[in-house]
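Right, one structure below, let's go through it.
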Amino acid sequence: MEPVHLVEMQRDMQDAVDVTSWVSVCPGGLWKVQRKWKHKWTQQSSSNTGDDASWCPKLGSLCRVRVQLKAQTDDADCLSTKGNEKLAVTVTELVPTPILRRQDALLQVPLGDWTTLSLGEGQCDITEACLEGMRAGEKCEIQLTPTGTGLEASVRQPSDGDLPLCATVELQAFTPGKESWEMSPIERWEWVKSHKERGGGRFRSGDVWGAADSYSRALKLLIPLCGLVREVEDCLEETQQLPSSDQLKIKKAELHSNLSLCQLKLNQPQRAKDSAAKATQLEPSAYKAWYRLGQACQKLNELDEAKEAFKKLLELQPDLPAAVKALKEITSREKERNVQLGLRLSKMFS
């Protein structure tokens, strides 16, 4: 979901309260995040162009950050601006803090401690998203609300258990990074590989929401990379260090197929169908994608499409037990559907 930005002007017209809302990912599901922070209002800061952009973290930036629950902070100071404060840490000293992604932690980072995150990895999804657009020395207030997916019981809450959760995120310092469009093809490819590997690890650990997020991040970088390599494959020397356009297309199919599996696990059959269909279009011999397409169509009660998908799967993998079983189930459901249809028609004309 794209973030929604609001700016509330103060009476003296010198300060502005920037309010941004979006939906972010945690191991247990999706949460709505509202971020609010004060900053000096100038013509330069109101623009998205110029040197102002270099004052904010970008993809790959190491960010020195501290997250605290609102109850642990001084309410009067929660939106203070510290942009001119002397930093206690220089960017050359920043080293990523090892963080184990946990199923029972919403914000992932150790609360109250200074932590160094690599922006863009999705290790601490909510925290990282809060840092986008902030400057060194700034502190923001966030409010977190589950999106109604039954997460209240699956994500650890503060001792008082109140919702929405309120916390502060403080950015002390960060190293330079790059926007995705500023990266070379090789840099983008390295990010794609790391996201795909991270997605596989998350899925195996049971973090299906996180796996889907990682695969989506990889696709976001891979799709424009495929177009770039296809256009300059014969003339750009750098592409010799990259997979060919055909190999990248296969990788894109794998990511769509993996994303489809996550969406099936998350009970999102329409999205799973769309992802699996893209995978089969890109790589018609991808038997796993055909199986997931058939499963998604079954869940949507689109039996004819499901049957075609499983038949295609049997062409690729003859006598595959899962496909044979699925076709038998579809035949049984079709017979049941025809019987019910016949009963309804007989009642109409009796």
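Here are some pairs, Lys249/Lys328; Lys178/Lys252; Lys311/Lys347; Lys32/Lys58; Lys32/Lys196; which of them have Cα atoms lying more than 31 Å apart in this structure?
Over 31 Å apart, Cα to Cα: Lys249/Lys328; Lys311/Lys347.
Evaluate the distance, in nm, between pseudo-label points positioned 7 Å from the Cα of Ser21 and of Trp55 along their respective Cα→Cβ axes.
2.7 nm
First select every other residue whose beta carbon is under 11 angstrom from the beta carbon of Gln263; then total the charges, Lys and Arg +1, Asp and Glu -1.
Neighbour charge sum, excluding Gln263 itself: +4.
On average, how much accessible surface per residue is there in region 236-350, in Å², for a 1.4 Å probe, leaving out ligands, DNA and RNA?
Heavy-atom SASA per residue in region 236-350 reads 60 Å².
Determine the gain in length on full extension of the stretch Gln143-Glu190; use 0.36 nm per residue of separation and subtract their C-alpha separation, reporting nm with one decimal.
This chain segment gains 13.5 nm when fully extended.
Which listed residue (Leu261, Pro284, Cys226) has the Cα farthest towards the positive end of the charge dipole for region 226-350, taking +1 on Lys and Arg C-beta and -1 on Asp and Glu C-beta about the Cα centre?
Selected residue: Leu261.
Which order, highest average first, do 23-31, 265-273, 96-104 follow once you tally other Cβ atoms within 10 Å for each residue and take the mean per peptide?
In descending order of packing, they fall as 23-31, 265-273, 96-104.
The values are calculated or read from the model by the stated rules, or taken from the named source; none is laboratory data. Since this is a predicted model, take the numbers as computed values, not measurements. When we count neighbours, we look across all protein chains shown, and the Cβ atoms used for this are built from the backbone with ideal geometry, even at glycine. Ligands, DNA and RNA are stripped out before the accessible areas are found, and what is left, the full protein with its side chains, is counted by its heavy atoms. Shrake-Rupley method; radii C 1.70, N 1.55, O 1.52, S 1.80 Å.
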